[in-house]
Every structure is written in C-alpha cells, then in structure tokens.
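J.: Just passing along the structure, written as structure tokens.
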Amino acid sequence: MPELHSNRRLDLPRAGRSRRFSLDPDAFARMSERVARFLGTGRFLAIQTIIVAIWITLNLTALVQHWDPYPFILLNLAFSTQAAYAAPLILLAQNRQDDRDRVSLEEDRTRAAQTKADTEYLARELASLRVAVGEVVTRDYLRGELERLAAVLQAEPTARPGKSDRAGKLDRSTKPDRAGRAT
C-alpha cells in the first residue's frame, strides 16, 4: 500500500489544518472604546450602585436563599473580574486616543509648516511690491516736476523744445529732457 503523505514536507505546518478564530483588531478596539466610555459615565455608576444595593439586600434578608452570605465573596469576585477587564479596555482606548492625537498633531505640524511657507511667500511678495512702488512716480513728485517745467516755460516764452529747419519742420535729432529743454 503506497503512503499517502510521501511527498509532504514534515518541517512545514499544513495550511488550512484548522480554522483559526480571527478578530478584526479595529472592531475590537472600537468596542473597547465604547465600553471604556460607558465605564466612565454616571449612568454606569448608578446602575452598579443599584445592583450592589439589591445584591446586598437580597443576601441579608430572608426573602430568598442566601447565595452570597455576609462577607459577600461572590460580589468581591465580580468586582475583581470587572476591574481585571476594565483596566485593559481603558488602556486600549487610551492607546487609540494617543494614536488619533499623534495623527492630529502631525496634521497640525504640516498645516503650520504650510502656513509658514505661505506667510514667507506673501512677505517676499509684499517686499517686492514695496520696492516696485518705490520706483513709481508719485503724485507729489509729478506735480513738482510739472510746476518746475511751467516755471521754466514762463521764464523763457520764446524757447521751444526743438529747432526748426528751413522748411518749418522740427529737427528730430534733438529731444527735450524732463524739464522740456532741447538736448
């Protein structure tokens, strides 16, 4: 009879041998956050206080069978179990909050760097505009130049900006300067 597993490697585990229990870590973390949020509410404390009061009352009175007599060992065990599960759930919720805070902080840093770069760009643009505006003729400068030109023209009424040739045409070789004098 031939052996069924003769070509199988014995140093590797079989794939698909057993179905593993898989749990979505993100879903479990979301559930733990909900539980941690609930454990920190006044509603939880009120419900727990009511349950403890009923528990103690039923075990101290003779109305029902005493399943947890006076030292309330079973109640203490329930509190210990609750604390044993609550602490890791709260830590898991805090870790997730730290992760969210870290992502938010990184986004804030990126946004701050972009804002700084935009501000520096605008400052450079503003500086270049100030330089450009410094080279532009202002109204006061233009008014002063026109008044000076008017004064020069009033002082020399016969002077004209260009020489005229014999035909009455202007000589194009001479041009007036800023003050209106021929050069």
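Computed from the coordinates by the stated procedures, all read-outs in this text should not be read as laboratory data. Because the structure is a prediction, the values reported are computed rather than measured. With ideal geometry, Cβ positions are generated from the backbone for all residues, glycine too; neighbour counts draw on all protein chains shown.
J.: Based on the Cβ-Cβ distance from residue 78 to residue 24, what FRET efficiency comes out when R0 is 41 Å, to the nearest 0.05?
T.: It comes out at approximately 0.90.
J.: How far is it, in nm, from the label point at residue 101 to the one at residue 145 when both lie 7 Å from their Cα along the line to the Cβ?
T.: Spacing of the two 7 Å Cα→Cβ label points: 6.5 nm.
J.: Counting other beta carbons within 10 Å of each Cβ, put 145, 107, 135 in order, fewest first. List each step's numbers first, then the result.
T.: Working: 145 14, 107 10, 135 6.
Final ranking by Cβ density, sparse to dense: 135, 107, 145.
J.: I'd like to know which of 58, 84, 104 lies farthest towards the positive end of the charge dipole of region 25-118, counting +1 on Cβ of Lys and Arg and -1 on Cβ of Asp and Glu.
T.: Of 58, 84, 104, it is 58.
J.: So what is the relative contact order of region 25-118, in percent, for Cα pairs below 8 Å that sit 6 or more residues apart?
T.: Computed value for region 25-118: 36 percent relative contact order.
J.: Next up: Per Stokes-Einstein, at 25 °C and 0.890 mPa s, what whole-number D in µm² s⁻¹ belongs to region 25-118, with the Kirkwood radius over Cα pairs as the hydrodynamic radius?
T.: 146 µm²/s
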